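Student: Below is a structure I'd like to ask you about.
The values are calculated or read from the model by the stated rules, or taken from the named source; none is laboratory data. Everything numeric here is computed off the predicted structure, so don't read it as measured data. FYI the Cβ positions are ideal-geometry reconstructions off the backbone, even for glycines, and counts take in every protein chain you see. Note: accessible area is taken over every heavy atom of the protein model, side chains too, but ligands, DNA and RNA are not part of it. Shrake-Rupley method; radii C 1.70, N 1.55, O 1.52, S 1.80 Å.
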Amino acid sequence: MKMSTLSSLFVLMSVVSMIAIAPSAFADVTVTNAPGSETPGCEPDCFIPSTVTIEVGETVTWDNTDTAAHTATAGTAADGPSGVWDSSLIMMGQSYSYTTDTAGSFDYFCMVHPWMEGTLIVEAAGAADAAAAAAAAAAAAAEAEAAAAEAAAAEA
């Protein structure tokens, strides 16, 4: 029984150590324009990727790799700009960066080409690490329980 407990603790400590040294699941991200996105037909992937997830305090950069000027404007084509951010015109070969300060889900679009739409999801700082830690702890607990049951069966 003692060996089973020690094994379980070792597994748990190994998982926790891996989480502590693993890089964050989120990071600063770059979004590009699909080639030819100035003409309808690129939907739903006019912004690549069209949905991105980062944490509060991280930065998203829109890189205009297309041959036309674009914007990255928070809001929707139907409702207009929300005022959270607006890149103004991003000329060919230029970029615009926005550092997040609020958690939430933010739709955005190109004011010049309103069929170009995307979503920026901003998670609270540490949300990914907390979720990974909880999942690892649950897995370690399940392994410990299985090892204890195996040890009890071996003693019987």
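Student: When you scan segment 66-76, how many residues do you find that are surrounded by 17 or more Cβ atoms within 10 Å (Cβ to Cβ), touching a strand residue (DSSP E or B) at 6+ places or on another chain (Cβ under 6 Å) and modelled with pLDDT of 95 or more?
Tutor: 5
Student: Give just the number: which of (1) under 25 Å from the mean Cα position of the chain (by Cα); (2) at pLDDT below 95 does MET3 not satisfy?
Tutor: So the condition that MET3 fails would be (1).
Student: Follow-up question, since we're still on this one. Would you tally the residues in segment 94-107 being small (Gly, Ala, Ser) and open to solvent by 60 Å² or more (accessible area, probe 1.4 Å)? Spell out how you get there, then give the answer.
Tutor: Initial filter on segment 94-107 (small (Gly, Ala, Ser)): 95, 97, 103-105.
Okay, now just the ones that are also open to solvent by 60 Å² or more (accessible area, probe 1.4 Å), so 95, 97, 105.
Total meeting the criteria: 3.
Student: Can you tell me which residue within segment 51-65, out of those that are of a type in the set (S, T, N, Q) and either open to solvent by 30 Å² or more (accessible area, probe 1.4 Å) or part of a strand (DSSP E or B) (or both), is nearest to ASP107 (Cα to Cα)?
Tutor: So the first thing to find is which residues in segment 51-65 are of a type in the set (S, T, N, Q), and the list is 51, 53, 59, 61, 64-65.
Okay, now just the ones that are also either open to solvent by 30 Å² or more (accessible area, probe 1.4 Å) or part of a strand (DSSP E or B) (or both), so 51, 53, 59, 61, 65.
Working: THR51: 9, THR53: 12, THR59: 16, THR61: 15, THR65: 21 Å.
Among residues in segment 51-65 that are of a type in the set (S, T, N, Q) and either open to solvent by 30 Å² or more (accessible area, probe 1.4 Å) or part of a strand (DSSP E or B) (or both), the one nearest to ASP107 (Cα to Cα) is THR51.
Student: What single numbered condition from (1) farther than 30 Å from ALA147 by Cβ; (2) open to solvent by 70 Å² or more (accessible area, probe 1.4 Å); (3) at pLDDT below 95 fails to hold for GLY36?
Tutor: With respect to (1) farther than 30 Å from ALA147 by Cβ; (2) open to solvent by 70 Å² or more (accessible area, probe 1.4 Å); (3) at pLDDT below 95, GLY36 is out only on (2).
Student: ASP28: at pLDDT below 95 and in contact with a Pro (Cβ under 7 Å, 6 or more places away or on another chain), yes or no?
Tutor: Details: at pLDDT below 95: yes; in contact with a Pro (Cβ under 7 Å, 6 or more places away or on another chain): no.
The answer is no for ASP28.
Student: Does GLY36 satisfy being farther than 16 Å from LEU120 by Cβ, of a type outside the set (Val, Ile, Thr) and without any contact (Cβ under 8 Å) to a residue 40 or more places away in the chain? Full working, then the answer.
Tutor: Numbers: farther than 16 Å from LEU120 by Cβ: yes; of a type outside the set (Val, Ile, Thr): yes; without any contact (Cβ under 8 Å) to a residue 40 or more places away in the chain: yes.
Criteria met by GLY36.
Student: Exactly one condition in (1) closer than 22 Å to GLU123 by Cα; (2) free of Cβ contacts under 8 Å to residues at least 24 places away in the same chain is false for LEU89; which is it?
Tutor: Answer for LEU89: the failing condition is (1).
Student: Still on this model: Looking only at segment 108-156, count every residue that is within 30 Å of ASP45 (Cα to Cα), open to solvent by less than 60 Å² (accessible area, probe 1.4 Å) and at pLDDT below 80 and tell me the total. Before the answer, list the steps.
Tutor: Going residue by residue through segment 108-156, those that are within 30 Å of ASP45 (Cα to Cα) are 108-129, 131-132.
Filter again for open to solvent by less than 60 Å² (accessible area, probe 1.4 Å), leaving 108-110, 113-114, 116, 118-122, 124, 126-128, 132.
Checking which are at pLDDT below 80 leaves us with 126-128, 132.
Number of matching residues: 4.
Student: Going through segment 23-33 one residue at a time, which ones are open to solvent by 30 Å² or more (accessible area, probe 1.4 Å) and under 16 Å from GLY118 (Cα atoms)?
Tutor: Taking segment 23-33 and keeping what is open to solvent by 30 Å² or more (accessible area, probe 1.4 Å), we get 23-30, 32.
Residues satisfying the conditions are VAL29, THR30, THR32.
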